[in-house]
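Data first, discussion second: the structure below is written as structure tokens.
Each value in this text was obtained by applying a stated rule to the coordinates, not by laboratory testing. Note that the structure is a prediction, hence the values are computed from the model and not measured. Cβ atoms come from the backbone with ideal geometry, glycine included; neighbour counts cover every protein chain shown.
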Amino acid sequence: MEVRIQGIHFDVSEQLAQFINKKCDKLARRYPTIDYIGAVLTVVKPETAMNKEARLKVIVPHEGELVATKTADTFEEAVDLCLEAIERQLEKIKEKK
């Protein structure tokens, strides 16, 4: 499984990258069919509360791609919210089978 993290107009800190990788690894253990997880992190203008946006794209073979976009006070919180949404989408796929 490949994890790609991209920060738009800022450098992603090593601590944030480790946090995202740890969360993605946990998701991949529960759903081993995941091939790719892409995380795009953006600071939304104007600079106010709730200005950190995370967009996660997960590619599952034979199912297509799942996307979740969430905004929160911190990138960690936004990533957590995105992963929860992706998990719900993965559960729906699992139920169909």
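Please give the length that would be gained between residue 85 and residue 40 if that part of the chain were fully extended, namely 0.36 nm times their separation in residues minus their C-alpha to C-alpha distance (nm, one decimal).
Extending this stretch completely gives an extra 14.7 nm.
Semi-axes of the equivalent ellipsoid of the chain: what are they in whole Å, largest first, if each equals the square root of 5 times a C-alpha gyration tensor eigenvalue?
With the √(5λ) rule applied to the chain, the semi-axes are 24, 14, 11 Å.
The simple spin-label model puts a point 7 Å past each Cα toward its Cβ; for residue 33 and residue 65 those points are separated by 1.8 nm.
If you add up the charges near residue 54, with Lys and Arg at +1 and Asp and Glu at -1, over every other residue whose beta carbon is less than 13 angstrom from its beta carbon, what do you get?
-1
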